1. Between Lys143 and residues 5 or more places away or on another chain, which pairs have amide H atoms under 5 Å apart, with H built 1.01 Å from N, and which residues are they?
2. At a 1.4 Å probe radius, which order do Lys72, Lys221, Lys238 fall into by accessible area, largest first?
3. From the Cα trace of the stretch 78-119, what convex hull volume per residue do you get, rounded to a whole Å³?
4. Given a 1.4 Å probe and heavy atoms of the protein chains only, how would you sort Glu55, Glu184, largest accessible area at the top?
5. Multiply the residue gap between Thr40 and Gln261 by 0.36 nm, knock off their C-alpha separation, and tell me the result in nm, one decimal place.
6. Could you pull the accessible area for Thr305 with a 1.4 Å probe, rounded to 10 Å²?
7. Cut-off under 25 Å on the C-alpha distance; same-chain residues fewer than 8 positions from Lys72 excluded. Which lysines are left, in chain and number order?
8. Using a Förster distance of 35 angstrom, determine the FRET efficiency expected from the C-beta separation of Thr173 and Lys292, and round it to 0.05.
Amino acid sequence: MQQRSFSIALSLFLGASLFIAACNSKQQSQSEGQTQTTQTPAPAFNADSAYQYIEQQVAFGPRVPNTPAHQKAGDYMIAKLKQFGFEVTVQSFVATTWDGKKLNARNIIGSLNPQATKRILLASHWDSRPHADQDSVVADQKKPVPAANDGASGVGVLLEMARAIQQAKDKPTVGVDLIFFDAEDWGNGEKASGDTEKESPNVDFVGFCLGSRYWARNPHKPGYSAYYGVLLDMVGAKGATFAREGYSVELAPSVVTTIWQTASQLGYSQYFVDQSGSAITDDHIAPNIIAKIPMIDIIHTNVLTGAFFPAWHTDNDDMSNIDRNTLKAVGQTLLQAVYNE
C-alpha cells in the first residue's frame, strides 16, 4: 500500500513536472519564434529581373575601360538608377594602370534618401578584366573577360535592389548609396585580387581596385560617411559559397555578423557559410583603411581550397555561370539588412 501511494505521488509529481516543462518549452519556442519574425518586412527580390540586368551588361561586350562597351554599360547603369528614383553622381577620373596606361574611368553613385545622416553603402565593380590570364587555352588568355559573374552579377543585384525599393510601398528609413566602382580589374597578372600573403590589408597593392581607391580619397560628397558598407564580388554563380572573408572579419566583424545572421534567418546558410575564409584584397579595403567605413566583402570562394569560382578571369565567365537562386539569396539578404535598419 505504501508502495502504491508512493507510486501515485511520484506519478503526480512527474506529470506536473512534465506539464511545467512543456509550458516553459512552449513559451521559449514562442519567444524564439518572435525573435525570428521581428524583422521589418522587406520587398521581394526578383531574381529574374537581376538576371536580365546582368544579361544586358554582358550583351554590351566586355566592359574594359576606354572601349565603346564600357561607355555604353556605364550610360545604361546611370539611366537605370535615375529610372528607379536614385540621385546619381558620376565621378569621372583618369586612372593610371600599373603598366602606364591612362583609363577614362567613372565611379557611378546612386543615392536614396540623400538627406539622411545614417547611410548604408552597397558596392560592386562594373568593369571587365582586359585579358583572361587564367584561361586554360593559351590563345584565349589575351581576350577580354566577358565578366558575367566577376563584375556584372554584383551590379545586377544592386540594380534589382534599387528597382524593388522603388516599387515598394514602404521605403527604408536610412540613406542608401549604391556605388559602382570602375577600374577594379586591371592588375598586372602577377598578383590577383586574392592576395593572401599580407598579414594586414594594404591599399598600395599592385594594379587592382583603382576606382575604390580614388573614391576613398575623393568621396562623392565632402565628409561622406556610412554606418557600414557591403561589397559584392562574384555573387551569381550556381552553388556559390560565401565564407566570412578574412579582412572583413578583422576590420568590420559586427557587420559580418549582421549579414550572415540575416542570411541564416532567411534560410540562406548554404550560401553564407559559417566558416572563416581567405583574406581577399578587394574594393572594400580602401573604404575601410582610407575612408574609415566598416565595410565587408561578400565574395565567392571555395570553402575547401580558398580558390575563386572556376571561370574566374577566363573567357568562360559568361551567362552560363549565372544562377537565379544565388542572386535571390544575396539580394534578399541585403534588402532585409537594409530594411532592418
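The values are calculated or read from the model by the stated rules, or taken from the named source; none is laboratory data. For clarity, every value in this text was computed on a predicted model and none was experimentally measured. Here the Cβ is made from the backbone with ideal geometry for all residues, glycine too, and neighbour counts use every protein chain on show. The area values use the complete protein model at the heavy-atom level, side chains included, leaving out ligands, DNA and RNA. Shrake-Rupley method; radii C 1.70, N 1.55, O 1.52, S 1.80 Å.
1. Here the answer is Ala132, since their amide H atoms fall under 5 Å of that of Lys143.
2. On the way: Lys72 120, Lys221 70, Lys238 165 Å².
Most to least solvent-accessible, the answer reads Lys238, Lys72, Lys221.
3. Values: hull volume 3.7 nm³, N = 42.
Dividing the Cα hull volume of the stretch 78-119 by its residue count gives 87 Å³.
4. Working: Glu55 90, Glu184 0 Å².
My answer, sorted largest first, is Glu55, Glu184.
5. Working: separation 221, 0.36 × 221 = 79.56 nm, distance 1.46 nm.
This chain segment gains 78.1 nm when fully extended.
6. Ignoring ligands and nucleic acids, Thr305 comes out at about 100 Å².
7. Lys80, Lys82, Lys101, Lys102, Lys142, Lys143
8. Working: r = 24 Å, r/R0 = 0.67.
Efficiency for this residue pair is about 0.90.
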